[in-house]
Amino acid sequence: MATYTLPELPYDYAALEPVINPQIIELHHDKHHAAYVKGANDTLEQLEEARDKEAWGAINGLQKNLAFHLSGHILHSIYWHNMTGDGGGEPLAADGVGDLADAITESFGSYAGFKSQLTKAAATTQGSGWGVLAYEPVSGKLIVEQVYDHQGNVGQGSVPILVFDAWEHAFYLQYKNQKVDFIEAMWQVVNWQDVAKRYAAAKERVNVLPLAP
């Protein structure tokens, strides 16, 4: 039985128009995300075979493949729920996301400063990658990270709560090579309710990363 499965989309293919067209959503979810799920499951089977045979000649490649496919699966699973056709704007207390709004201000000085940093982080990832807003449990603050090629430029134990996919398959059919335009447009569909729920859940997990005395 497969360990990982492709989650269903929380909306139909056309739900994020005009920011992301239906063809992109269909290909991105049904083909690219599905490939990460298959890749993670296949790599786990190969690792099981390596353990059974005590054959470790390919261990470095297998571990890298597992990181690649598993990161792709997890980040995409967050990505779909981070977006909504009714989203966008700035997170506000009046909308029930005051704790998140306060955390953004505390961590980045202002919403504008946060938005600028995450936009630049996503738009300048080398090659293929992601811009990520994450909860960092040691400081208890929010940080912006870059994930490149699903291998990472991230802190240990940080929890992604908002992710911007900057791989070409996320935008090229609609935005061509204008990645910056796509990232800017993404702010129109951010689901702050989902981000706030992920922030609250991440804070509750603070004790899972104990520090040495």
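The values are calculated or read from the model by the stated rules, or taken from the named source; none is laboratory data. Computed from a predicted model, the values in this text were never measured in an experiment. Glycine gets a Cβ as well: all are built from the backbone with ideal geometry, and neighbour counts include every protein chain shown. For the accessible areas, the whole protein counts, side chains as well, though only heavy atoms, and no ligand, DNA or RNA atoms are used. Shrake-Rupley method; radii C 1.70, N 1.55, O 1.52, S 1.80 Å.
If the Cβ limit is 6 Å and pairs must be 6+ apart or interchain, which residue in the range 186-200 that is in a helix (DSSP H, G or I) pairs with which residue that is open to solvent by 20 Å² or more (accessible area, probe 1.4 Å) and not polar (S, T, N, Q)?
Close Cβ pairs satisfying both conditions: Asp194/His81.
Exactly one condition in (1) touching a residue at least 40 places away in the same chain (Cβ under 8 Å); (2) in contact with a Pro (Cβ under 7 Å, 6 or more places away or on another chain); (3) at negative phi is not met by Gly157; state its number.
Failed condition: (3).
Would you pick out the residues in the range 139-173 that are β-branched (Val, Ile, Thr) and open to solvent by less than 20 Å² (accessible area, probe 1.4 Å)? Break it down into steps so the answer makes sense when it comes.
Within the range 139-173, the subset β-branched (Val, Ile, Thr) is 143-144, 147, 154, 159, 161, 163.
Hits for the range 139-173 are Val147, Ile161, Val163.
Mind checking which residues of the range 82-119 are hydrophobic (A, V, I, L, M, F, W, C) and either in a helix (DSSP H, G or I) or in contact with a Pro (Cβ under 6 Å, 6 or more places away or on another chain) (or both)?
Selection gives Ala93, Ala94, Val97, Leu100, Ala101, Ala103, Ile104, Phe108, Ala112, Phe114, Leu118.
Taking the range 4-40 only, how many residues are without any contact (Cβ under 8 Å) to a residue 60 or more places away in the chain, open to solvent by 20 Å² or more (accessible area, probe 1.4 Å) and touching a helix residue (DSSP H, G or I) at 6+ places or on another chain (Cβ under 6 Å)?
The qualifying residues number 3.
Given the condition under 27 Å from Lys179 (Cα atoms) and within 20 Å of the chain's Cα centre (by Cα), answer yes or no: does some residue in the range 40-57 qualify? Quick ask: steps written out before the conclusion?
Restricting attention to the range 40-57, the residues satisfying the condition of being under 27 Å from Lys179 (Cα atoms) are none.
No, there is no match, as no residue in the range 40-57 is under 27 Å from Lys179 (Cα atoms) and within 20 Å of the chain's Cα centre (by Cα).
Of everything in the range 125-138, what is open to solvent by 10 Å² or more (accessible area, probe 1.4 Å) and of a type outside the set (Ser, Thr, Tyr)? Give them in sequence order.
Scanning the range 125-138 gives Gln126, Gly127, Glu136, Pro137, Val138.
Scan (1) without any contact (Cβ under 8 Å) to a residue 24 or more places away in the chain; (2) open to solvent by 10 Å² or more (accessible area, probe 1.4 Å) for the single condition Phe182 breaks and write down its number.
Result: Phe182 passes all but (2).
Filtering the range 166-185 down to residues that are under 15 Å from Lys31 (Cα atoms) and outside any helix (DSSP H, G or I), which residue is modelled with the highest pLDDT?
So, considering only residues that are under 15 Å from Lys31 (Cα atoms) and outside any helix (DSSP H, G or I), the one modelled with the highest pLDDT is Phe171.
Only one residue in Ala122, Ala55 is part of a helix (DSSP H, G or I) and open to solvent by less than 80 Å² (accessible area, probe 1.4 Å). Which one?
Details: Ala55 fails: part of a helix (DSSP H, G or I).
Just a single option satisfies the conditions, and that option is Ala122.
Is it the case that the range 66-75 has a residue that's open to solvent by 50 Å² or more (accessible area, probe 1.4 Å) and under 19 Å from the mean Cα position of the chain (by Cα)?
Narrowing the range 66-75 to residues open to solvent by 50 Å² or more (accessible area, probe 1.4 Å): 68, 74.
Still in the running and under 19 Å from the mean Cα position of the chain (by Cα): 68, 74.
Checking the range 66-75: at least one residue is open to solvent by 50 Å² or more (accessible area, probe 1.4 Å) and under 19 Å from the mean Cα position of the chain (by Cα).
When the range 81-95 is examined, which residues are found to be within 17 Å of the chain's Cα centre (by Cα) and either without any contact (Cβ under 8 Å) to a residue 60 or more places away in the chain or over 19 Å from Glu184 (Cβ atoms) (or both)?
His81 - this is the single residue of the range 81-95 that is within 17 Å of the chain's Cα centre (by Cα) and either without any contact (Cβ under 8 Å) to a residue 60 or more places away in the chain or over 19 Å from Glu184 (Cβ atoms) (or both).
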